[in-house]
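Trainee: Quick one: the structure is below, and I'll ask about it shortly.
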Amino acid sequence: SVKDRGRNDFCFYSPLMNPNSQEEIELRADLQDAIREDSLELHYQPKVNAKTGEIVGVEALIRWDHPQKGMLRPHQFIKMAEEQGLIVSLGEWVLKRATRDAKILCERWSRVSVSVNVSVRQLVEPDFYEYVRRALLISGLDPSLLVLEVTESIFAKEIAEIEMNVQKVKEMGVKLSLDDFGTGFSSLGNLTRFSPDEIKVDKSFVDQMMSGGKELELIRTMLSIGLTMRINVVIEGVETLEQRDYLFKRGANVFQGYFYSPPVPYKELLGLMSAGFAPAGSERIDPSLSL
Ligand code: C2E
Ligand code: MG
Ligand code: MG
Ligand code: MG
């Protein structure tokens, strides 16, 4: 069934596949309204260089303040949006908003990149790269400050549109990141095929690394792959000082996780940046580095 499918699987919209419940039909209509009425929100979570305490980038994470249901997290509606054919317009909204927000950040504070999650369902659209180009043009953001986060599910099938979109956005100077790395269809061959600029070590490895299994070794392997292939490695989901220090000693530099900051509304992010501090738990930012 649909529910049994793994987190990295994807499917194309088919009305036969998924008989809609009344609730789903309503949620779909509500989401359509929300996109049209601009009532979605992006929260931002910093990526922090542990050596300098500097915020080197932020990841845009969608939130939906539903009129009846309250604040919804992505797992409550992204899959529905993918299956119900709304992810493309949702994705366009996210790209536009994130590039606009990032441009303002860069003008006022420092060169920070903005990462946007992209569903494989968007990447199979032949004109995906045109939406990226348009968002960059409208916002005026330097293309090299936009990072598109894709999961390893893009490797599941060889689809010409995906290859084309990846190539086109890379030609524009946009960066590519492999999200949830190590949980899906990775192979080293795939790493050379799309040559990502960044890999994000999935939180599940960090959660397990102290429990005596193979996770720590796997993280070290991913760090050394990054070194060898000149790919930046970001450690996701770091929650404690112990985890941060443990991995820092083993060569990890860039972290994203509750230890530094949860995702915060844009206004709060502006506050963090203007105070000249990386979020709680990190060292002070040297102002000469951040300006
Ligand atoms: P992701 O891209 O892997 O994002 C990281 C998720 O881990 C976020 O959950 C973030 O809030 C959470 N996280 C970060 N640090 C920690 C930590 O230290 N501890 C814990 N427990 N969690 C942490 P969120 O915001 O609920 O997003 C979930 C997923 O939804 C994302 O995973 C991404 O795959 C998807 N998503 C979010 N925004 C978008 C979007 O605009 N478009 C698409 N297509 N997918 C999105
Ligand atoms: Mg992500
Ligand atoms: Mg992730
Ligand atoms: Mg994820």
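Trainee: What are the pairs with Cβ atoms under 7 angstrom where one residue, in the range 34-56, is among the polar types (S, T, N, Q) and the other, located anywhere, is in a strand (DSSP E or B)? Sequence gap at least six, or different chains.
Mentor: Ser39/Asp65; Gln45/Val58; Gln45/Glu59; Gln45/Leu61; Gln45/Gln256; Asn49/Val56; Asn49/Val254
Trainee: So for the range 198-215 (the condition being part of a loop (DSSP other than H, G, I, E, B) and within 16 Å of ligand 4 (Cβ to nearest atom)), does at least one residue qualify?
Mentor: Within the range 198-215, one or more residues are part of a loop (DSSP other than H, G, I, E, B) and within 16 Å of ligand 4 (Cβ to nearest atom).
Trainee: Condition (residue is touching a residue at least 12 places away in the same chain (Cβ under 8 Å) and either under 19 Å from Gly140 (Cα atoms) or in contact with a Phe, Trp or Tyr (Cβ under 8 Å, 6 or more places away or on another chain) (or both)) applied to the range 68-75: is it met by at least one residue?
Mentor: no
Trainee: Quick one: which residue in Lys214, Lys175, Lys249, Lys170 is in contact with a strand residue (DSSP E or B) (Cβ under 6 Å, 6 or more places away or on another chain) and basic (Lys, Arg)?
Mentor: Lys175
Trainee: Out of all the residues in the range 226-244, which are part of a loop (DSSP other than H, G, I, E, B), β-branched (Val, Ile, Thr) and touching a residue at least 24 places away in the same chain (Cβ under 8 Å)?
Mentor: Ile231, Val238
Trainee: If Arg63 passes every condition in (1) in contact with a Lys or Arg (Cβ under 8 Å, 6 or more places away or on another chain); (2) farther than 22 Å from Val112 by Cβ; (3) at pLDDT 95 or above; (4) surrounded by fewer than 18 Cβ atoms within 10 Å (Cβ to Cβ) but one, which one does it miss?
Mentor: For Arg63, the failing item is (2).
Trainee: On to the next question. Applying the selection to the range 181-202, what residues are in contact with a helix residue (DSSP H, G or I) (Cβ under 7 Å, 6 or more places away or on another chain) and either within 10 Å of ligand 3 (Cβ to nearest atom) or more than 19 Å from Ala60 (Cα to Cα) (or both)?
Mentor: Across the range 181-202, the qualifying residues are Phe181, Gly182, Thr183, Gly184, Phe185, Ser186, Asn190, Leu191, Phe194, Val201.
Trainee: Further question: When you go through Leu223, Leu247 one by one, which is the residue that is part of a helix (DSSP H, G or I) and either within 16 Å of ligand 4 (Cβ to nearest atom) or surrounded by fewer than 21 Cβ atoms within 10 Å (Cβ to Cβ) (or both)?
Mentor: The match here is Leu223.
Trainee: Same structure again: Since Ser177 meets every condition but one in (1) within 16 Å of Val116 (Cβ to Cβ); (2) within 16 Å of ligand 3 (Cβ to nearest atom); (3) in contact with a helix residue (DSSP H, G or I) (Cβ under 8 Å, 6 or more places away or on another chain); (4) modelled with pLDDT of 95 or more, which condition does it not meet?
Mentor: In the conditions (1) within 16 Å of Val116 (Cβ to Cβ); (2) within 16 Å of ligand 3 (Cβ to nearest atom); (3) in contact with a helix residue (DSSP H, G or I) (Cβ under 8 Å, 6 or more places away or on another chain); (4) modelled with pLDDT of 95 or more, Ser177 misses (3) alone.
Trainee: Here's another thing I want to ask about it. Do we have any residue at all in the range 156-175 that's within 14 Å of ligand 1 (Cβ to nearest atom), free of Cβ contacts under 8 Å to residues at least 40 places away in the same chain, outside any strand (DSSP E or B) and surrounded by fewer than 20 Cβ atoms within 10 Å (Cβ to Cβ)?
Mentor: Within the range 156-175, none of the residues are within 14 Å of ligand 1 (Cβ to nearest atom), free of Cβ contacts under 8 Å to residues at least 40 places away in the same chain, outside any strand (DSSP E or B) and surrounded by fewer than 20 Cβ atoms within 10 Å (Cβ to Cβ).
Trainee: Could you list all residues from the range 221-239 that are out of contact with any helix residue (DSSP H, G or I) (no Cβ under 9 Å at 6 or more places or on another chain) and more than 15 Å from ligand 3 (Cβ to nearest atom)?
Mentor: Within the range 221-239, Thr221, Ser224, Gly226, Leu227, Thr228, Arg230 meet the criteria.
Trainee: Right, something else. Output yes when any residue across the range 154-169 is away from ligand 2 (no atom under 13 Å from the Cβ) and either within 15 Å of Ala102 (Cβ to Cβ) or under 15 Å from the mean Cα position of the chain (by Cα) (or both), and no when none is.
Mentor: Within the range 154-169, one or more residues are away from ligand 2 (no atom under 13 Å from the Cβ) and either within 15 Å of Ala102 (Cβ to Cβ) or under 15 Å from the mean Cα position of the chain (by Cα) (or both).
The values are calculated or read from the model by the stated rules, or taken from the named source; none is laboratory data. Predicted, not measured: the structure shown is a model, and the values here were computed from it. We place every Cβ from the backbone using ideal geometry, glycine too, and count neighbours over all the protein chains shown.
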